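The values are calculated or read from the model by the stated rules, or taken from the named source; none is laboratory data. Note that the structure is a prediction, hence the values are computed from the model and not measured. Virtual Cβ from ideal backbone geometry, glycine too; neighbours counted across all protein chains shown.
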Amino acid sequence: MKKPPLLLFSFVIIYLVFLYAPIMLLPIFAFNDSSIIAFPLSGFTVDWFVGLMGENTLHRALKNSLIIAITAAVISTCFGILTARAMARHNFLGKRPSFGLIMAPLFLPEIIIGVALLIVLIQLGISLNIWTVILGHILICTPFSVSILYSAFNNMDKSIEEASLDLGETRFGTFRRVIFPLVKPGVIASLLICFTISLDEFVIAFFLTGVEPTLPVYIWAQLRFPSKLPSIMALGFILLLLSLILLAIFEYYRRRSETLIGNQPS
Amino acid sequence: MTSEQNDNEQMVELRGIRKSFGDLEVVKGIDLNIAKGEFFSLLGPSGCGKTTLLRMIAGLETPDDGTIVISQQSMNGVDANKRPTNMVFQSYAIFPHLNVGENVAYGLIKQRLPKAEIRQRVDAMLKMVDLDGYYNRPSYALSGGQRQRVALARALILEPKVLLLDEPLSALDKKLREQMQDELRRIQRTLGITFILVTHDQEEALIMSDRIAVMFDGNIAQLGTPKEIYDKPLSKRVASFIGVMNFLKGKCVGETKTDIKVEVATLGQVSFSRDLVPEGVSLDHLNIGFRPEMFTVLYDKKEKAENTFMSEVKNVDYYGDMTYYTLALPNSDMDITVSMRNTSGRYVYGLGEAIRVGWRSSSLLILN
Amino acid sequence: MSSIFRNINASLAGWRLIGTPFLFGFLLLVAPLFLMIALSFWTQDYLDLDRTPTLNNYRDIFSHPVYVLLIKRSVIISLIVTITTVLLAFPMAYYISFYGGRYKAIWLFLITIPFWTSYLLRIFLWKIILGYNGVVNSGLQSLNLIEEPLSFILYNANAVVIALAHAWAPFAILPIFVALERIDRSMLEAAKDLGDTAIRSFMRVTLPLAMPGIVSAALIVFIPTIGDYVTPRLVGGKDGLMVANMIQVQFSKANNAPLGAALAITSLLTVLLISLGFLFFNRRYLRKQSS
Ligand SMILES: Nc1ncnc2c1ncn2[C@@H]1O[C@H](COP(=O)(O)OP(=O)(O)OP(=O)(O)O)[C@@H](O)[C@H]1O
Ligand SMILES: [Mg+2]
């Protein structure tokens, strides 16, 4: 490979520093023995992590967020499977518009989605709770699920399914014994991505949650109290590690999906 | 039913099968009967609708019109998974997440047979296709030829009445292809199952089949045994698709009750029995054809033939077992191809050499 | 006849699958958007809604300078963020595509890692970096480069731009990278063979071919940032507030949902218009290039 021009290379290094600057601060202040978030640092402590254990509101928020994220991930992934499969294998009237509608949340500011849902829920007299957040999250997670799963369904050699039918298996049996095992890595990747997106989503949750906060809503509330900031840093650090683990698993399954489906001669 | 004892029982009957994709009519009304135990080939150039026809027999595609009868049962409304047919796909369609044994057992597992029986039948089938001991081999670790055998075993283990093969050998190299051709033939004879093979390789069709249907543009152009198709092609198009054929112009110059006399361009006058004249040809513009091996090079000056002419070698293609000469026809700017087997010690002419060629009137064909 | 039946059959098969997600999207996105449009023509009457259609909400928006100012500011900030983000992202994407060699995947991975922290925290961390006692100020002070902490970097539009340019970086890098990857390297060789200088071949070959990626990057950044709520609240101060914050206020404290809906519709239309403008200029640019 030829060498990059010095100017370009320096830019790349500075840009990387810019990208990493904020998250570098997380571990620094999470372990800093001072209740003020500022330099100079004063010493090492794990108190902030220990402190998180006793925060009941945090635990409730975490529980809410987990319920929301898991439910939203499962339902969006089901929607993702249905949509990706329809797009990859069927031609039908209104294919493009319906696909556009399902993908539209990707191209709308979250505040618009949040507000629009809020209006409907209020008009219908539905009280806000974690289920209303789940509805919103399904809406924004489904497009991500579709984009992950579409290639899995589309790259699969059609004759593999036909072979299964030809060998006497029913359509449902074909899905269970051939299609699903082949797209399973993609399904897992989609579950992980949707879970992560939902866990992190703030604006829609902020609009649609009732008295039960989600984790980001809890964090938002805490950001107003300077004394809580070091604990939030500790929490943020834990969340970062968690996301990275999920990301690593996601990457593993995405590659598996590619090798599994990409391995056939065509 | 009495017909069960009948050797000539029809296994597959196609009646007026039509299929279009959008505005494109791909299969244009095909009628065809295929007998039980027959090795039948659908031969034709790319895009002529062979695969589509095969897929309709398998139930993977629905005809727009017409009926498919397999073993005296109408297949209208019968799904692929309920038909007594199995298919070997062009891409083999091996299940990538299953190993060899699981691939072959796929259909049996659906039938919920006892595990031990499945295992025993799979092992027997693997033996038959020469994959002894490959049961646990993962499918990605297979060569092209091995994939082909797995696909074959997977289909045959269900004991279909008809086995459909879509260009099963086209992805293999020449050596392996020839070996598999023999093997397929052997398996077909052993099991007595009806095979329908789709191929665009005329040599493959000639070697393997009991009968061949030559397809062009969604129609069957000619149906017959390999010998009939090769020796008596009905049209110029079939003739040039199968083997090499020289074409000459001809014109009827005299008729009797039984014969017609034809002036064949620069070769002279030849008589043909009226039986050999296809229907509907214009007697003023006849297409005359002959195969390269039907004309003989006369090496010895004293050698005799019914007709002879002198020419000059314009090109030589040496194939080892055969030599193909391109020669100018006497008093014409047309070229013909003549082939000779290279028996031991036989001379191979060089460019520009004079050559004497002999031929018999009966080797000329009138083509549509 | 039979072909019509086949079409209907094929449609049914497709709709059996996509029906549920479509219905969900219709009920929870399309219907709400229409209701939002309707609401924007109604009036809030304390706790009741007056459903007589009226343009008053829109009249309010365009007659009160504060709303116009917020929308204008949101558009301007978003445009600056978009331009900054894309300008910064392009060299990075270019570097990965042309000099990444075997490590392209790792580079892409490296770029996405920082974005797996909570969005809220990422924005908030900029407050720590840019704040009065923040990393930048204390760093510069300890180096004796400045006497007093800089104050123009937090609680204003600058901070919003920096934080958003950071938050949307990978969304700009990825599409540009994908477009650059599609460029046939032999075309660049050919341009060089024809005697083009590096800059000329960049302008004549690389840039036009990368344009679709640049345009998608711009749209991907522009559309969500104009509606961003978190960043202006956290680092924008009073002068950095944007239209989303006002929409939120209307739905909560001000209890004027119809006005909030009208504001949302107005910003949505603004986004739509500007996005179409992007696409239009891109088309013109590409046509001029090819002719
Ligand atoms: N599902 C389909 N949709 C639209 N057109 C199709 C479809 N399947 C086949 N065709 C068209 O029908 C024609 C015949 O296709 P078919 O696959 O039967 O040809 P073939 O004889 O098997 O050719 P080949 O030797 O190339 O496999 C082709 O023009 C092809 O493009
Ligand atoms: Mg074919």
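Of all residues in the stretch A:134-173, those satisfying the criterion of being surrounded by fewer than 22 Cβ atoms within 10 Å (Cβ to Cβ), hydroxyl-bearing (Ser, Thr, Tyr) and within 14 Å of chain B (Cβ to nearest Cβ) are A:Ser159, A:Thr170. Of the residues examined, C:Tyr99 is one that is surrounded by 15 or more Cβ atoms within 10 Å (Cβ to Cβ), closer than 30 Å to C:Phe171 by Cα and among the aromatic types (Phe, Trp, Tyr).
Scanning the stretch A:1-12 for residues that are more than 10 Å from every other protein chain (Cβ to nearest Cβ) and in contact with a helix residue (DSSP H, G or I) (Cβ under 9 Å, 6 or more places away or on another chain) gives no hits. Scan the stretch A:92-111 and tell me whether some residue there is surrounded by fewer than 22 Cβ atoms within 10 Å (Cβ to Cβ), at pLDDT 95 or above, farther than 14 Å from C:Phe26 by Cα and more than 7 Å from chain C (Cβ to nearest Cβ). So far as the stretch A:92-111 goes, no, none of its residues is surrounded by fewer than 22 Cβ atoms within 10 Å (Cβ to Cβ), at pLDDT 95 or above, farther than 14 Å from C:Phe26 by Cα and more than 7 Å from chain C (Cβ to nearest Cβ). Within the stretch A:32-44, which residues are among the aromatic types (Phe, Trp, Tyr) and more than 7 Å from every other protein chain (Cβ to nearest Cβ)? If the condition is that a residue be among the aromatic types (Phe, Trp, Tyr) and more than 7 Å from every other protein chain (Cβ to nearest Cβ), then A:Phe44 is the only one that fits. Among residues belonging to the stretch A:13-31 that are at the interface with chain C (Cβ under 7 Å from one of its Cβ atoms) and surrounded by fewer than 18 Cβ atoms within 10 Å (Cβ to Cβ), point out the one that is modelled with the lowest pLDDT. It comes out as A:Ala21. When the stretch B:73-89 is filtered for residues that are surrounded by 20 or more Cβ atoms within 10 Å (Cβ to Cβ) and either within 16 Å of ligand 2 (Cβ to nearest atom) or aliphatic (A, V, I, L, M) (or both), the ones remaining, listed by number, are B:Met75, B:Ala80, B:Met87, B:Val88, B:Phe89. Counting only helices (runs of 4 or more DSSP H) wholly contained in the stretch C:189-269, the ones carrying 2 or more residues that are at pLDDT below 85 occupy C:198-201. Scan the stretch B:128-141 and give yes if some residue there is outside any loop (DSSP other than H, G, I, E, B), away from ligand 2 (no atom under 16 Å from the Cβ), within 14 Å of another protein chain (Cβ to nearest Cβ) and under 22 Å from the mean Cα position of the chain (by Cα), otherwise no. No - not one qualifying residue is present in the stretch B:128-141.
Can you say whether B:Leu42 is within 12 Å of ligand 1 (Cβ to nearest atom), assigned to a strand (DSSP E or B) and assigned by TED's automatic domain parsing to the domain that holds B:Thr199, as far as the supplied structure shows? Considered against the rule, which asks whether it is within 12 Å of ligand 1 (Cβ to nearest atom), assigned to a strand (DSSP E or B) and assigned by TED's automatic domain parsing to the domain that holds B:Thr199, B:Leu42 comes out as yes. Candidates are the residues of the stretch B:72-113 that are among the β-branched types (Val, Ile, Thr) and part of a loop (DSSP other than H, G, I, E, B); the one that is farthest from the chain's Cα centre (by Cα) is B:Val78.
Of note, B:Gly66 satisfies the criterion of being within 16 Å of ligand 1 (Cβ to nearest atom), assigned to a strand (DSSP E or B) and small (Gly, Ala, Ser). When B:Leu14, B:Leu24, B:Leu32 are screened for being more than 14 Å from chain A (Cβ to nearest Cβ) and either closer than 26 Å to B:Gly145 by Cβ or within 16 Å of ligand 2 (Cβ to nearest atom) (or both), only B:Leu24 passes. The sole residue among B:Arg177, B:Arg274, B:Arg211 that is among the basic types (Lys, Arg), away from ligand 2 (no atom under 16 Å from the Cβ) and under 26 Å from B:Ser361 (Cβ atoms) is B:Arg274.
Please find, within the stretch C:130-157, the residue that is surrounded by the fewest Cβ atoms within 10 Å (Cβ to Cβ) out of those that are closer than 23 Å to C:Val75 by Cα and without any contact (Cβ under 8 Å) to a residue 40 or more places away in the chain. Steps first, answer last, please.
Looking only at the stretch C:130-157, we keep the residues that are closer than 23 Å to C:Val75 by Cα, and these are C:152-157.
Applying the additional criterion that residues be without any contact (Cβ under 8 Å) to a residue 40 or more places away in the chain yields C:152-153.
Numbers: C:Phe152: 9, C:Ile153: 19.
Step by step, filter the stretch C:130-157, then rank; the result is C:Phe152.
Whenever a residue of the stretch B:43-54 is within 14 Å of another protein chain (Cβ to nearest Cβ), its partners that are near ligand 1 (Cβ under 6 Å from one of its atoms), lying with C-beta atoms within less than 6 angstrom and at least six residues away or across chains, give the pairs B:Thr52/B:Val26.
Residues that are in a strand (DSSP E or B) and among the acidic types (Asp, Glu) within the stretch B:281-326 comprise B:Glu312, B:Asp317, listed in sequence order.
Quick grid of which residues meet (1) touching a Gly at 6+ places or on another chain (Cβ under 8 Å); (2) within 14 Å of chain B (Cβ to nearest Cβ); (3) closer than 21 Å to A:Leu242 by Cβ:
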residue: A:Phe175; (1), (2), (3): no, yes, no
residue: A:Gly186; (1), (2), (3): no, yes, no
residue: A:Ala189; (1), (2), (3): no, no, yes
residue: A:Ile193; (1), (2), (3): no, no, yes
residue: A:Ile197; (1), (2), (3): no, no, yes
residue: A:Arg224; (1), (2), (3): no, no, no
residue: A:Lys228; (1), (2), (3): no, no, yes
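Of everything in the stretch B:205-247 that is more than 19 Å from B:Ser46 (Cα to Cα) and free of Cβ contacts under 8 Å to residues at least 12 places away in the same chain, the residue that is surrounded by the fewest Cβ atoms within 10 Å (Cβ to Cβ) is B:Lys227.
Does the stretch C:39-55 contain any residue that is at pLDDT 90 or above and within 9 Å of chain A (Cβ to nearest Cβ)? Within the stretch C:39-55, one or more residues are at pLDDT 90 or above and within 9 Å of chain A (Cβ to nearest Cβ). If you check B:Leu42, B:Leu54, B:Leu108, B:Leu98 for being under 26 Å from A:Met156 (Cβ atoms) and within 16 Å of ligand 2 (Cβ to nearest atom), only one passes: B:Leu54. In the stretch B:165-203, of all residues being β-branched (Val, Ile, Thr) and within 16 Å of ligand 1 (Cβ to nearest atom), the one that is farthest from the other protein chains (Cβ to nearest Cβ) corresponds to B:Thr199.
Six or more apart or on different chains, Cβ under 7 Å: which pairs go from a residue in the stretch C:117-129 that's facing chain A (nearest Cβ under 7 Å) to one that's assigned to a loop (DSSP other than H, G, I, E, B)? Could you list them? That search, which allows pairs on different chains as well, returns C:Tyr119/A:Phe202; C:Leu120/A:Phe202; C:Phe124/A:Leu223; C:Ile128/A:Ile37; C:Ile128/C:Gly134.
Suppose the filter is under 25 Å from the mean Cα position of the chain (by Cα), of a type in the set (A, V, I, L, M, F, W, C) and facing another protein chain (nearest Cβ under 7 Å); does C:Leu87 pass it? Spelling it out, it is not the case that C:Leu87 is under 25 Å from the mean Cα position of the chain (by Cα), of a type in the set (A, V, I, L, M, F, W, C) and facing another protein chain (nearest Cβ under 7 Å). Here B:Gly59, B:Gly47 are screened, and the one residue that is exposed (fewer than 15 other Cβ atoms within 10 Å of the Cβ), assigned by TED's automatic domain parsing to the domain that holds B:Ser74 and farther than 18 Å from B:Ile212 by Cβ is B:Gly47.
Just one residue in the set A:Phe207, A:Phe180, A:Phe250 is crowded, with 24+ Cβ neighbours inside 10 Å, among the aromatic types (Phe, Trp, Tyr) and either within 11 Å of another protein chain (Cβ to nearest Cβ) or out of contact with any Pro (no Cβ under 6 Å at 6 or more places or on another chain) (or both); that residue is A:Phe207. Restricting C:Gly100, C:Gly139 to residues that are within 9 Å of another protein chain (Cβ to nearest Cβ) and in contact with a helix residue (DSSP H, G or I) (Cβ under 9 Å, 6 or more places away or on another chain) narrows the list to C:Gly100.
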